[in-house]
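Notes follow the structure.
Only the coordinates and a few stated rules stand behind these numbers; no lab work does. Everything numeric in this text was worked out from a predicted model, so none of it was measured. Note: ideal-geometry Cβ built from the backbone for every residue, glycine included; neighbour counts use all protein chains shown.
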Amino acid sequence: MPEPVTDNAATAGTTPASAPDCSACEFQKDLLASGRCDPAEACIQVQNSRRIDGFLKRNPALAERYLFDSRWEHRAVAARYASQNALKPLLFDDDEAVRRSVAYRVPVDWLEALMHDVDREVRITVADRLPAERLEAMVGDSDYLVRVYVARRMPAGRLFRMISDPDEQVRKEVARRLPPQSLALMAYDENLQVRQIVAERMDPESATLLLRDREWLIRYLAAAKAPPETLRELLDDPVDEIREVVRARLAGR
């Protein structure tokens with residue numbers, strides 16, 4: 001499952017934060033004194049995801065106090081540690097980093113609210129967590145990577161809608177998971193790598209569909225498994241390796 005992202009920019013969690021003023025902090029007397037916070041590693045007063053996480057990891061009971069903080073860093077990190085029941089309002093938070101944290105933790109029954117989120121990382125987390133039988137609603141997602149996750153997890157018997165997906169990465173996942181007896185439907189895919197997966201997985205009878213493929217690799221894979229009586233047309237193939245495997249199979253080797 002993809003880890004939730006809690007920074008809006010690549011450097012947001014690593015940018016040095018200004019030193020906090022512990023003398024004015026409400027946690028100075030109890031948490032600081034007992035080692036449950038540390039201005040360098042575990043501090044809630046700074047806008048630094050790493051230190052905020054360190055603080056709430058040591059003090060998870062305080063997480064709900066920061067779920068509606070004005071600073072997105074605090075809300076995003078607090079969502080990691082607060083109880084699930086407290087997270088529902090954050091499904092519609094304005095910040096995508098907050099929604100990513102929420103998508104990673106909320107009960108799966110709540111995930112449909114995020115199925116069409118504007119942020120693709122949120123939708124990827126949804127596709128990774130939803131029960132497989134409920135993924136069909138995401139087959140038409142606008143982002144190819146979301147559809148890749150859907151193709152990896154949706155029941156194989158429901159993948160037919162994705163056979164003609166516009167993205168080759170999605171079709172590769174479909175070709176890896178379709179039942180072998182259904183792979184004939186992808187025998188003429190425009191992408192070589194998709195057809196290679198098809199040729200490697202399809203049953204011998206269906207492999208005859210690939211014996212005239214324009215790419216020699218596909219013809220070779222098909223010749224290695226198609227019924228021998230279908231191979232004579234390849235005795236004159238322009239590629240030596242294909243002619244050799246055909247002669248060997250016709251000779252019963």
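Observations on the structure shown:
- Meets criteria (out of contact with any helix residue (DSSP H, G or I) (no Cβ under 7 Å at 6 or more places or on another chain) and either among the charged types (D, E, K, R) or under 30 Å from GLU133 (Cα atoms) (or both)) for ARG36: no
- Taken over the range 214-253, the residue count meeting the criterion of being assigned to a loop (DSSP other than H, G, I, E, B) and either in contact with a Lys or Arg (Cβ under 8 Å, 6 or more places away or on another chain) or closer than 18 Å to ARG201 by Cβ (or both) is 10.
- Within the range 142-161, tally of residues that are crowded, with 21+ Cβ neighbours inside 10 Å and either in contact with a Leu (Cβ under 9 Å, 6 or more places away or on another chain) or not in a helix (DSSP H, G or I) (or both): 5
- Residues that are free of Cβ contacts under 8 Å to residues at least 60 places away in the same chain, surrounded by fewer than 21 Cβ atoms within 10 Å (Cβ to Cβ), under 26 Å from PHE160 (Cα atoms) and among the charged types (D, E, K, R), drawn from the range 118-140: ARG120, GLU133, ARG134, GLU136
- Of the candidates GLU173, GLU133, the single residue that is in contact with a Pro (Cβ under 7 Å, 6 or more places away or on another chain), over 22 Å from ALA224 (Cα atoms) and of a type outside the set (Ser, Thr, Tyr) is GLU133.
- Looking across the range 44-102, the residues that are in contact with a Pro (Cβ under 8 Å, 6 or more places away or on another chain), part of a helix (DSSP H, G or I) and either surrounded by fewer than 20 Cβ atoms within 10 Å (Cβ to Cβ) or hydroxyl-bearing (Ser, Thr, Tyr) (or both) come down to ARG80, TYR81, GLN84, SER101.
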